[in-house]
Amino acid sequence: MFVLSEMRDIVSILPHQLKNDLKSVITLKLNKRFANKVIIDLGLCICLFDLIEIGDTYLLPGDGRGHIKVKFRFIVFRPFVEEIIEAKVIASSKLGLTLSVNFFEDIFIPAHSLPAPHVFEENEQLWYWEYQQEDDEPPAKLYLDPGKVVRFRVVENIFKDIKPDLSDEEAKKQKSFEIIGSMSETGLGCTSWWTQGGEEEEDDQMEE
Amino acid sequence: MEVINKMVTILPNMQVLKVVEETKALRGKRPADEESENLNTLLHETAAYFKDTPASAQKDEHVIKLNQELQPYKLTIAETVQILNLRPSTAVEVQLVVEECEERIRTEEELEALVKKAVDESTRRRSWTNENLGFADSKVLTEGRREELFDDMNQNEEESRCFGSQKFVSTIHQCFNASEKQDIPEQALT
């Protein structure tokens, strides 16, 4: 889910901030600058891991700040393709499911990669997996409703450079980082389907 | 800003959680106006996600132990990290994580052994919290209501027992944090 990325940047420090320990000032500045930001082709920045190198401080004429070149490592959220991740369902529509890992909510499972055979219930706006049972009983309906914990496989990480001059509405639709996932495999879907307790649940449904 | 190396290494969830907790503790020392909204929200949300995953219970020694135990299977780093993050408890889950599982882990027994190693009692996940557990409030004291009250009391008793264990966890957490807080000034000095 997470990777460590090495980066270089220039941090400017105001004179009054020099009274504090230099390392913690830089840490704070970098965290403020990058935390919760998406860097194109890199991922969602979480927080600073460590500082590798703190360069010399440069003073420029007409500027009271000290400019420091720093090399550091940042924790970045960028799952690799094929990775299995657990997430919660937060929304479902005819197009598919939207999942959330609490700090990141642009995970989308398109309808065609839900566990097959899948059916969409128009009234409730919910997807369910028609679990084929042995014997001639009708198939069980295993629902994928919002709030459930599911497991999915990462298919693609999509990065998009979003222009800063968009209106609010346009900006809401655009996603700078989106993860496309799939659930069409044994073991994927609701976690409770596959654990011991889940099997019992399924058995119960079969009995019904 | 310039990215030098897109991926130095993959980080297991527990290590991310450790740094997040450290950053949180560090942040606590700063005056409120210096805090960044983005950072706070993100740290909080990340920690909340990990709370429900096996990462919250893992320590360095668990990682080292599992890594050693998985050596004979010749798994890739990515696969090992996923086993650490998910702690698969069934063979199906292992097959998801390990590529071409049938060819690499040939016998059922080997697979079973791997599952056993992956599921460590001490790192077993706590189930995701269910918010819809409360029951309806009734104002009239009827026979039914009295029974409800009794049930309530029973439940409270159970809750307090649960709370006891929670308290225990939080105490451990405090100890853990305390040691971290002491570590930070040292780090700052070096």
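The figures follow:
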item: Listed residue pairs exceeding 22 Å between alpha carbons, taken from A:Lys69/B:Lys18; A:Lys19/A:Lys69; A:Lys37/A:Lys71; A:Lys37/A:Lys160; result: A:Lys69/B:Lys18
item: Acute angle (nearest 10 degrees) that the helix A:22-34 long axis makes with the longest principal axis of chain A, alpha-carbon atoms; result: 50 degrees
item: Exposure proxy ranking, count of Cβ atoms within 10 Å, fewest first, for B:Arg106, A:Arg153, A:Arg73; result: B:Arg106, A:Arg73, A:Arg153
item: Crossing angle, helix A:196-207 versus chain A [Cα axis fit, 0-90 degrees, rounded to tens]; result: 30 degrees
item: For the range A:36-78: rounded, prolate or oblate by the Cα gyration tensor [a/c cutoff 1.5]; result: prolate
item: Label-to-label distance, nm, for residues given as A:His16 and A:Glu53 (7 Å Cα→Cβ offset); result: 3.3 nm
item: Pair-distance profile P(r), taking every C-alpha pair of the range A:1-119, with 5 angstrom steps and integer %; result: 2, 9, 16, 16, 13, 10, 9, 7, 6, 5, 3, 2, 1, 0
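Each reported figure results from applying straightforward, stated rules to the coordinates on display, with no laboratory input. As the structure is a prediction and not an experimental result, all values here were calculated from the model. Glycine also receives a Cβ, built like all others from the backbone with ideal geometry; neighbour counts cover every protein chain displayed.
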